[in-house]
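**Q** Provided herewith is a single structure, encoded as structure tokens, for subsequent inquiry.
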């Protein structure tokens, strides 16, 4: 059996996992990222977590084929440098060099990749996009993340900053996006976008079920509109319908461009299941450019959850060998 | 010197060209497509034009490495079948087989590709995107066509129907598009979209310079608004500004997804030159996700015009060998 280490570097946590060749995470180790602090300290903690995860798996570094890292921001997979990460405060951070030094082993290759790309690669090697030739993954979380797999390889763009599908405008002059543009896919289809639309509806309809639930629970969440829709609130259904309409528009756009075998959607909002998915699929089917063709992209739900990033990172050596 | 034949199959004309290894078209032959008529007749005429172009170049078929074809619709480059073409009325047309039979030579390979993809490949091998690793070409014509080159290869999607960048919604519930959706990039940024916006402005402002020019010339064209803007018409400038705003939105979307080395725009509207390009570039620079990075995609104007399709088709054998 071969073993690989995947490290998911996040703004909040550093998680390292040992993954076997059958894509099982057999051990993990994690610590807080504690941002902001010097990049070298963060790298040292990442290396420690890698070593500890290997120990937790009752293995030694000799058993590890390589180490892969998924990081927020622009990760230059050729040079091993994190060129920029807003979340981590990194600028031209030589992460591969740091990890290699901290591990103290020149013979263990280290790879880096953007975290959304690594997660998409995880779904491609072991999850919902397994067996696809071309796949696009869209994650509906705080933002809308994108990861593109073309011909079995991660496509990150010439400057390693691509796949920002969340930052494509689907409504010119629309809702303000965190990226500075107005009307981005992310501004509508992220959990944050759904919460914004729910809040707007509550303001318009203070007597609605959504308004009551928000008061009872003390907050508006991405679940408020779906829960209230199920309780029969018409205004909540309008919010959900609007959310679904914009999500379907962004997904259809993505399929019209890539026509991948599989379009994989993940993130917390997907836990809503069929009440979200069935109408999205129906709208996409009506709108997609190839609606009259038999060969259409399959829309699937991500399988690996938060493990996608670790598994994808763990197999980055394969992504780079292709 | 090596020679290749490229055939540009259009709804109106069939044009065959002999292209040398330095990307020069050294001879052409053309005839009307005369749609609709039986697909076999069209294929026979395509073969005839290929042979005639070779004769016009003072060569024989022995001198030709291969024949490439750019066609509207869904061209399966693996099977050689045009699976569907609305313009030509084709459905599962075995074009490579037809051409091979009509030429009567088993030893001359024949390749097919979607016409927009072939034109993008032409710009990639010999035009404005030459030397790029990743490039996206957008053509602003009757519609908005897209062609994607990734790592030197044409990306057509798993079902050969991808790269429909023109059919991505940039304004949910916006202007009606020919594809059935509302608010597509094409509905705003094609010449047709510009004409629509010009007409709408003329209706609102019947005393405008645009209105007078349309009456004098007997029609509204994609040039009307630009010409009247130069003549000082404020309303015409508003139309041009709106056109530029939507075009920049679609281009920025495309860069945020692909982050290619080069984004190449072509088509008649590009003849407007700097009054179009400079403000588009400025808006993209303000909005693109990597606006703070030094490594940004270059926006260039297509160089090859209508020859891009012929040259790209002529080098399809190289696209398929990679």
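**Q** Taking the condition of being surrounded by 17 or more Cβ atoms within 10 Å (Cβ to Cβ), within 14 Å of chain A (Cβ to nearest Cβ) and assigned to a loop (DSSP other than H, G, I, E, B), how many residues in segment B:291-303 meet it?
**A** Qualifying residue count for the region: 2.
**Q** If a residue has to be outside any helix (DSSP H, G or I) and in contact (Cβ under 8 Å) with a residue 40 or more places away in the chain to count, how many in segment A:304-322 make the cut?
**A** Residues flagged as outside any helix (DSSP H, G or I) and in contact (Cβ under 8 Å) with a residue 40 or more places away in the chain within segment A:304-322 amount to 4.
**Q** Specify the residue that is surrounded by the fewest Cβ atoms within 10 Å (Cβ to Cβ); the eligible residues are those in segment B:59-71 that are farther than 23 Å from residue B:94 by Cβ and in contact with a strand residue (DSSP E or B) (Cβ under 8 Å, 6 or more places away or on another chain).
**A** It comes out as B:63.
**Q** Let me ask you something else. Could you list, in sequence order, all residues of segment B:277-290 that are out of contact with any helix residue (DSSP H, G or I) (no Cβ under 7 Å at 6 or more places or on another chain) and either in a helix (DSSP H, G or I) or away from chain A (no Cβ under 14 Å) (or both)?
**A** Selection gives B:277, B:278, B:281, B:282, B:285, B:286.
**Q** Still on this structure, I have one more. Being surrounded by fewer than 22 Cβ atoms within 10 Å (Cβ to Cβ), more than 9 Å from chain A (Cβ to nearest Cβ), within 22 Å of residue B:24 (Cα to Cα) and under 18 Å from the mean Cα position of the chain (by Cα) narrows it down to one residue among B:306, B:320, B:271; which is it?
**A** B:306
Yes/no per residue for (1) modelled with pLDDT under 95; (2) more than 16 Å from residue A:318 (Cα to Cα); (3) out of contact with any strand residue (DSSP E or B) (no Cβ under 9 Å at 6 or more places or on another chain):
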{"position": "A:97", "(1), (2), (3)": "no, yes, no"}
{"position": "A:101", "(1), (2), (3)": "no, yes, yes"}
{"position": "A:110", "(1), (2), (3)": "no, no, no"}
{"position": "A:114", "(1), (2), (3)": "no, no, no"}
{"position": "A:121", "(1), (2), (3)": "no, no, no"}
{"position": "A:136", "(1), (2), (3)": "no, yes, no"}
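**Q** Yes or no: residue B:247 under 17 Å from the mean Cα position of the chain (by Cα), within 29 Å of residue B:152 (Cα to Cα) and not assigned by TED's automatic domain parsing to the domain that holds residue B:8?
**A** Yes: the conditions hold for residue B:247.
**Q** Is it the case that residue B:83 is over 18 Å from the mean Cα position of the chain (by Cα), surrounded by fewer than 24 Cβ atoms within 10 Å (Cβ to Cβ), without any contact (Cβ under 8 Å) to a residue 12 or more places away in the chain and in the same structural domain as residue B:35 (by TED's automatic domain parsing)?
**A** no
**Q** Follow-up. When the residues of segment B:173-189 are filtered to those that are in a loop (DSSP other than H, G, I, E, B) and without any contact (Cβ under 8 Å) to a residue 12 or more places away in the chain, which remaining residue is nearest to residue B:265 (Cα to Cα)?
**A** Top of the filtered list is B:177.
**Q** Next up: Can you tell me which residue is nearest to the chain's Cα centre (by Cα) among those in segment B:155-195 that are away from chain A (no Cβ under 11 Å), surrounded by fewer than 23 Cβ atoms within 10 Å (Cβ to Cβ) and more than 28 Å from residue A:242 (Cβ to Cβ)?
**A** Per the criteria, the residue is B:191.
**Q** Go through segment B:124-152 and give me each residue that's at the interface with chain A (Cβ under 10 Å from one of its Cβ atoms) and in contact with a helix residue (DSSP H, G or I) (Cβ under 9 Å, 6 or more places away or on another chain).
**A** Within segment B:124-152, B:132, B:134, B:135, B:136, B:146, B:148, B:150 meet the criteria.
**Q** Looking at the structure I just gave you, is residue B:139 under 27 Å from residue B:296 (Cα atoms) and touching a residue at least 12 places away in the same chain (Cβ under 8 Å)?
**A** The answer is yes for residue B:139.
The values are calculated or read from the model by the stated rules, or taken from the named source; none is laboratory data. Bear in mind the structure is a predicted one, so any value in this text is a computation, not a measurement. Backbone-built Cβ (ideal geometry, glycine too); neighbour counts: all protein chains shown.
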